[in-house]
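Everything below concerns the one structure shown next.
Throughout, read-outs are computed from the coordinates displayed, never taken from laboratory work. Keep in mind it's a predicted model, so treat the numbers as computed, not measured. Cβ sites come from the backbone with ideal geometry, for glycine too, and all protein chains shown count toward neighbours.
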Amino acid sequence: METTTIDVRQGDFNVEDVETLRKDFNWEEMKATFSWYHTGKVNMAYEAIDRHAENPNKKDQIALLYSSPKREESLTFDQLRKRSNQFANVLKKYHVNKGDRVFLFMPRSPEFYASFFGILKVGAVAGPLFEAFMEQAVRDRLEDSQASMLITTPELLERVPVDELPDLEKIVLVGATGVDVSNYIDFDHEMEGASESFDIEWVDLEDGMVMHYTSGSTGKPKGVYHVHHAMIQHYATGKWVLDLTEDDVYWCTADPGWVTGTSYGIFAPWLNGVTNVIRGGRYSPESWYETLAKYDVTVWYTAPTALRKLMSAGKDIAKQYDLSKVRHILSVGEPLNPEVITWALDAYDRRIHDTWWMTETGAMLIVNLPCMEIRPGSMGKPIPGVEASIIDDDGNELPPYQMGNLAVKEGWPSMMRAIWKRPEKYNSYFINGWYVSGDSAYMDEDGYFWFQGRLDDVINTSGERVGPFEVESKLIEHHAVSEAGVIGKPDAERGEIIKAFITLNPGYEKDDALLEEIRQYVKTGLSAHAAPREIEITDTIPKTRSGKIMRRLLKSWELGLPTGDTSTLEE
Ligand code: 6R9
């Protein structure tokens, strides 16, 4: 095959090219287009930022355009290079080394991004946490990852159980003006004195880069470990799917605590050298449209839950803003409702391109490329270099229209390389060379994939993956709660809401104040998105003979569906 990779990187696929590429594409060839392919050593921070800062025509282009209600600031590629160099020097001064885990627990801000790249520049592994996390969620992640350093703010520090985390040796405080920093490292002070040059730690493609904790149906959240190698796919999908070219202004609405906020909020856009809009502050239809209009955003990557909210706010609001520069809209995280696509055609005069992938997969796998016909309700087709299929539980491929496990042939570059410290968990994802996603789906005769649901009990609320186990564990910590079973209940706007069934300890009785107290308990202990919107008191929680909560049964009760096989139900 000749230089198809070059054509691909122009971002101007046509349908025939894609079909050919699906058959012939080879990631090795794509690698050869990067200079590091010949040296063998690499660093994401260099490819995303420094490479552009070294280019006289690009160094003064705005890389980061930050906007929040309180602050507006932009950084060029050159400035971002220098700031991240400074922070890398701070990390070195405090003996952070290659492979160390450094976590970030702070709102989106220019400091966040400078720190993030500083971490990569010393070869350490970055672990971004949602700002909304409360103490338990923070503790679980820092404990499991054995992070040696945390970068946070004085306000969020209250939720970090510092004394209970023996591995956490150092805490950097950002924005600590007027705060006693004697036990901490003061970001502003350290940055002032730090040099703007730094010798990047060149690492191997397979060296660790970023870690995201994600929920399964059992156990604590798991640490999904990604390596620098992923950049090939971030770069490629940024070009092919986001259709980025260097003069684009791009906005990914995701928080970096979610994998979308790193892979597509950081890596893909900057590898492709675009101006990246970062918005802080809360959601409102007005402020989102204003962001699109004010910064002349051209490519917009968001999520169904946001689009549904914008839809219910009405198209008249949309029409009050000049959204004419927006040429490409994409979505990820949950099923994209056909009615949202139809609405957007009217309200934005644009199609919405759905994309499917997971924390574990590191980057997009099944997508609607700009050139493709969109079939509303379908997630699209695999990108070149990726083979997806529907398989049965034994790993055999199923014919079109048959529902089964959505699976992907091993071997794409951005695949996670480990579940932190849990090899058995990692291995459990695979069967016969297929990565099994946990989603059920079918494929039509033209190769489009159609999402059906999660096969496990994982809840997807407003695009956030929530493990029922975590919520149940928190619930039963409350003195009034004896047992708890948690499910996702279908909801028009949020996809699913969290519904908890609980039994009460002796001496407690149903009353609304108690239920609200229990809800608040989860909210302040775990996080707002994990707090059940509905709590129902029952006499028993159905369990299997081996003691597993039968969430499937709770769900059938809730939805008034047949209960199916209950043979394993405890008597
Ligand atoms: C990137 C991300 C992964 C799970 C995934 C699936 C659901 C994601 C979807 C979708 C239907 C889509 N999901 N994209 N469902 N259509 N286009 O979302 O990662 O937070 O790990 O969630 O989200 O169930 O298995 P993550």
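Annotations
- Rounded FRET efficiency, nearest 0.05, which uses the C-beta distance separating residue 245 from residue 37 and R0 of 22 Å: 0.45
- Sorted fewest first by neighbouring Cβ atoms within 10 angstrom, 197, 556 come out as 197, 556.
- Distribution of pairwise C-alpha distances over region 81-213, 10 Å bins, in %: 13, 48, 34, 6, 0
- Each peptide in 110-118, 310-318 gets a packing score, the mean of other Cβ atoms within 10 Å over its residues, and the list from highest to lowest is 110-118, 310-318.
- Across region 50-93, the relative contact order, built from alpha-carbon pairs under 8 Å that are at least six residues apart, equals 34 percent.
- Averaging the Cα positions of each part gives two centres, and for region 332-358 and region 434-461 these lie 17 Å apart.
- The calculated 222 nm mean residue ellipticity attributable to helices in the chain amounts to -8000 deg cm²/dmol, summing -39500 (n - 2.57) over DSSP H runs of n ≥ 4 and dividing by all residues.
- For region 431-549, the relative contact order comes to 20 percent (Cα pairs under 8 Å, sequence separation of at least 6).
- Using θ = phi - 60° in the Karplus curve 6.51 cos²θ - 1.76 cosθ + 1.60, the 3J(HN,Hα) couplings for region 386-392 round to 10, 10, 10, 7, 10, 10, 8 Hz; x is entered for Gly and Pro.
- Vicinal HN-Hα couplings computed from phi for region 341-353 (Karplus, 6.51 cos²θ - 1.76 cosθ + 1.60; Hz; Gly/Pro x): 4, 5, 4, 5, 4, 7, 6, 10, 6, 9, 7, 10, 9
- For region 208-302, the C-alpha radius of gyration sits at 1.18 times the compact-globule guess of 2.2 N^0.38 Å, with N the residue count.
- Bins of 10 Å from zero: percent of alpha-carbon pairs in region 459-559: 16, 52, 30, 2
- The Rg/Rh ratio of region 143-189, with Rg taken over Cα atoms and Rh as the Kirkwood radius over Cα pairs, comes to 0.96.
- A protection proxy built from the mean count of other Cβ atoms within 10 Å ranks the segments 487-500, 119-132, 159-172, most packed first, as 119-132, 487-500, 159-172.
- For region 358-463, a Kirkwood radius taken over Cα pairs fed into Stokes-Einstein (25 °C, viscosity 0.890 mPa s) yields D = 170 µm²/s.
- Mean-position separation - Cα centroids, region 85-140 and region 296-328, in angstrom: 32
- 13 Å beta-carbon shell around residue 512, net charge (K/R +1, D/E -1): -4
- Ordering 510-516, 145-151 by mean Cβ neighbour count within 10 Å, with the highest value first, yields 145-151, 510-516.
- Between residue 284 and residue 155, full extension at 0.36 nm per residue minus the direct alpha carbon distance yields a gain of 44.1 nm.
- Alpha carbon convex hull of region 1-150, projected area averaged over orientations, nm²: 12.8
- By DSSP, the beta bridges lying fully in the chain are antiparallel in about 60 percent of cases.
- Average Cα contact separation per residue, the chain, under 8 Å, 6 or more apart, as relative contact order %: 12
- Between the amide H of residue 124 and those of 99, distances stay under 5 Å, these residues lying 5 or more places away or on another chain, with hydrogens modeled in the peptide plane.
- For region 208-244 versus region 479-501, the gap between their alpha-carbon centres in whole angstrom: 28
- For region 459-559, share of DSSP beta bridges that run antiparallel, in % to the nearest 5: 80
- Residues with amide H under 5 Å from that of residue 354, placed H, sequence gap 5 or more: 331, 368
- Square roots of 5 times each gyration tensor eigenvalue, C-alpha, the chain, largest first, Å: 35, 31, 24
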